[in-house]
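Heads up: the structure comes next, in structure tokens.
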Amino acid sequence: MAETKRGPHGPGGPGGPRGGFQKPKNMGKTVGTLLGYIGRSKWLLALVAVCLMLNTLCSIGGSYMLRPLIDECIIPGDYVRLARTLVLMACIYASAALLGYAYSRIMVHVSQKATHAIRRDLFAKMQRLPLSYFDTHTHGELMSRYTNDIDTLTEILQNGLVSLCSGVLTFVGVVAVMLYLSPLLFLVTVFSLGLMLVVIMTVGKRSRRYFMAQQKDLGEVNGYIEEMIEGQKVIKVFNHEAKARDGFAWRNERYRQSATNAQSFAGAMMPAMGNISHINYALTCCAGALLSIAFGLDLGSLVLYLQYTRQVSQPISQVSQQVNNVLAAIAGAERVFEVMETAPEVDEGKVTLVHVSHAADGTLTESGGRSDGWAWKKPDGGLTPLKGDVRFKDVVFSYVPEKTILHGISLYAKPGQKIAFVGSTGAGKTTITNLINRFYEIESGLITYDGIDVKDISKESLRRSLGIVLQDTHLFSGTIADNIRYGKLDATDEEVRTAARLANADTFISHLPNGYDTWITGDGGSLSQGERQLLAIARATVADPPVLILDEATSSIDTRTEKLIEEGMDQLMAGRTVFVIAHRLSTVRNSRAIMVLEQGEIIERGDHEDLIAQGGKYYQLYTGQAELS
């Protein structure tokens, strides 16, 4: 997907090109995909087509009744026939109104069903995209797919598409009747239609460009608003309210300019078309009068032709207005479909995680429900007990080709061992844990889990076997219990409470207004950072994983609280393979092995006593002669 160029003031800001899309890049492909969604309601669409054609016939036919009304009723003075004709006209126009209402209601159902499916598929696809995709796309940019782009598409499917088709059918029908009534008078109409076409092509070309810019600028405004709302605490901490206002001001101003230009050109279309229509009507009146005198054109035909002269410009204006909207909607749909066509996270793993039971002779058998433990099930049906043996061998990794993050990392963690990583920011500590999860794929080397290459393990099973507590916690809208249960959706209330007690979160939870049923929103904004992190630890605890990853898990917890949960953490880590990333060296002293990383390489390894004895980097950090940056 084409990215918005970033200037010195942010995405697409001053100093960066206006970038973005100007028109659909592949209209045929996008329309084809869109038709696939709409086509799921093909019988309803067929009914819409029938209603639309009948509505057009009724609209044109109702006007056609003017001819017999004048020639056969008014001029002869036949009041009885006049009454019948008026009743018939009323019935025809009433039918047109009912048919119009019918196809409009049906299209509401069709459009909502199509966009519902698009939103569903877009969200489902986003769940299968790799983390690297979200690293390179802002939240606001992705949210604009669900809001601006799909909303514009919904409006076009609901109203614009039918309006476009109705305009085309009406134009074709009116022109056909005008040709039937008087080919000579139609020459005057052709002249006017030519002028209209020139106006549409001239004004529409520029209008289209501004409409595309308007759509893009609106997306940036909404994306910026969302990011600023999410970052309100950071903005206030650094007193950047004025900077945030300025950032919004120029984005809002740019949107105003593009929207003004788009609406100005779109607004100029109707007066221009109206004036041409008036000129056409005057010329047709003059020419029609001459034809009536010279060639005996009946009055009913002349009046009817003049009526159609009024009508023929309306579908042209209607179509010209909808073309811009349709193109903008297709461009938005293309942006949505580009996300849906992005290559998903690759997962070729065939080894799965299954419940097993231990027989009396020590053999393992797969079980469907609660069991004695877990095992890796290989494609051939063989079972390997899940122990938590993780090994790296000469692993090389980089997020971008230009910068290697890990240089030939080799390490091992035997079942039940606690392995700690210390080092400066950017040394590669978190990257190592991300590779265990296969959030990213290594460039070379090998990572094994219980002797199995992690690439051979399905990602779902791999991640199910891991418990992770991140430095940046994320809580969902729901109760405290719901957030803990997120680690194991079928956990009982007692399991939730046991996990909370183990993480030492039960004390503060019991003091909340509704205890475990307390509702939290806004990522747990009503809780302290330490309390949120305790909930994250409880969430990992309830999952009961054989391998635990603690990424600065106690960084936001005060020393007293850290002491309180240390015993619980020890119970949690007992018998588990644990990877710990910590700035506080006191939390890693009891680790089986401590890895000191620097610029993507392990420069020291050993337990606490070994590293102190070496007198190297770890010794300097521990004694305060050096600091973690």
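Would you work out the charge dipole size for region 46-130 about its Cα centre, treating the Cβ of every Lys and Arg as +1 and the Cβ of every Asp and Glu as -1, and quote it to the nearest 20 debye?
Value, rounded to 20: 720 debye.
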Checked against the positive end of the charge dipole of region 189-300 (+1 on Cβ of Lys and Arg, -1 on Cβ of Asp and Glu, about the Cα centre), the farthest of ALA266, LEU197, ASN239 is ASN239
In whole percent, how big is the carbon plus sulfur part of the accessible area of region 429-555, probe 1.4 Å, protein atoms only?
-> 49 percent
Given LYS414/LYS459; LYS393/LYS414; LYS429/LYS455; LYS403/LYS455; LYS125/LYS216, which pairs have Cα atoms separated by over 18 Å?
-> LYS414/LYS459; LYS429/LYS455; LYS403/LYS455; LYS125/LYS216
With Cα atoms, 0 to 90° folded angle of helix 42-64 axis to the chain main axis = 20 degrees
Inter-label distance, nm, simple model (7 Å from Cα along the C-beta direction), SER458/SER528 = 4.3 nm
Using label points projected 7 Å from each Cα along Cα→Cβ, tell me how many nm separate TYR619 and THR404, to one decimal.
-> 3.0 nm
Pairing the Cα long axis of helix 79-126 with the longest principal axis of the chain, what angle in degrees results, from 0 to 90 and rounded to the nearest 10?
-> 20 degrees
Would you work out the charge dipole size for the chain about its Cα centre, treating the Cβ of every Lys and Arg as +1 and the Cβ of every Asp and Glu as -1, and quote it to the nearest 20 debye?
-> 2020 debye
So between LYS113 and LEU290, what do we pick up on full extension, going 0.36 nm a residue minus the alpha carbon distance?
-> 58.2 nm
Longest principal axis of the chain (C-alpha) makes with the long axis of helix 299-341 (C-alpha) an angle, in degrees to the nearest 10, of 10 degrees
Debye-sum result for region 176-276 in log10 I(q)/I(0), which assumes one identical scatterer on each alpha carbon, at q = 0.15, 0.16 Å⁻¹ | -0.74, -0.78
The chain, relative contact order in percent, only Cα pairs under 8 angstrom and at least six apart counted = 13 percent
Listed highest first by mean packing, meaning other Cβ atoms within 10 Å per residue, what order do 229-240, 426-437, 454-465, 393-404 come in?
-> 426-437, 454-465, 393-404, 229-240
In the chain, with Lys and Arg counted as +1 and Asp and Glu as -1 at Cβ, which of these residues, SER458, TYR133, GLN257, has the Cα nearest the positive end of the dipole, that is, farthest along it?
-> GLN257
For the peptides 245-257, 143-155, what is the packing order when you average, over each peptide's residues, the other Cβ atoms within 10 Å and list the highest mean first?
-> 143-155, 245-257
Taking one equal scatterer on every alpha-carbon of region 167-207, how large is log10 of I(q)/I(0) by Debye at q = 0.22, 0.26, 0.27, 0.30 1/Å?
-> -0.77, -0.90, -0.92, -0.98
For the chain: accessible area per residue (Å², 1.4 Å) = 50 Å²
Report in % the part of the accessible area of region 329-412 that belongs to carbon and sulfur, leaving out ligands and nucleic acids; probe 1.4 Å.
-> 51 percent
Answer label, with Rg/Rh (Cα atoms, Kirkwood Rh) calculated from the coordinates and candidates [x] 1.16; [y] 0.96; [z] 1.01 | [x]
Roughly how many debye, to the nearest 20, is the charge dipole of region 118-263 about its Cα centre, given +1 on each Lys and Arg Cβ, -1 on each Asp and Glu Cβ, and no other charges?
-> 200 debye
For region 357-458, using Cα atoms only, the Rg and Dmax in Å read 16.5, 56
If a/c stays under 1.5 just call it rounded; otherwise compare a/b with b/c (prolate if a/b is bigger, oblate if not). Do that for region 429-474, with a ≥ b ≥ c from the square roots of the Cα gyration tensor eigenvalues.
-> oblate
Cα-based Rg (one decimal) and Dmax (whole number) for region 59-188, in Å?
-> 24.8, 81
Roughly what % antiparallel, to the nearest 5, for the DSSP beta bridges in the chain?
-> 65 percent
Peptide ranges 28-38, 300-310 listed from the most packed, as the mean C-beta count within 10 angstrom indicates = 300-310, 28-38
Residue (of GLN215, ALA49, LEU597) at the positive-pole extreme of the chain, dipole from beta-carbon charges | ALA49
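The values are calculated or read from the model by the stated rules, or taken from the named source; none is laboratory data. Just so it is clear, the model here is predicted, and its values are computed rather than measured. A quick note on method: Cβ atoms are made from the backbone with ideal geometry, for glycine too, and the neighbour counts reach across all protein chains shown. The protein model used for the area step is the full one, side chains on, heavy atoms only, and it has no ligands, DNA or RNA in it. Shrake-Rupley method; radii C 1.70, N 1.55, O 1.52, S 1.80 Å.
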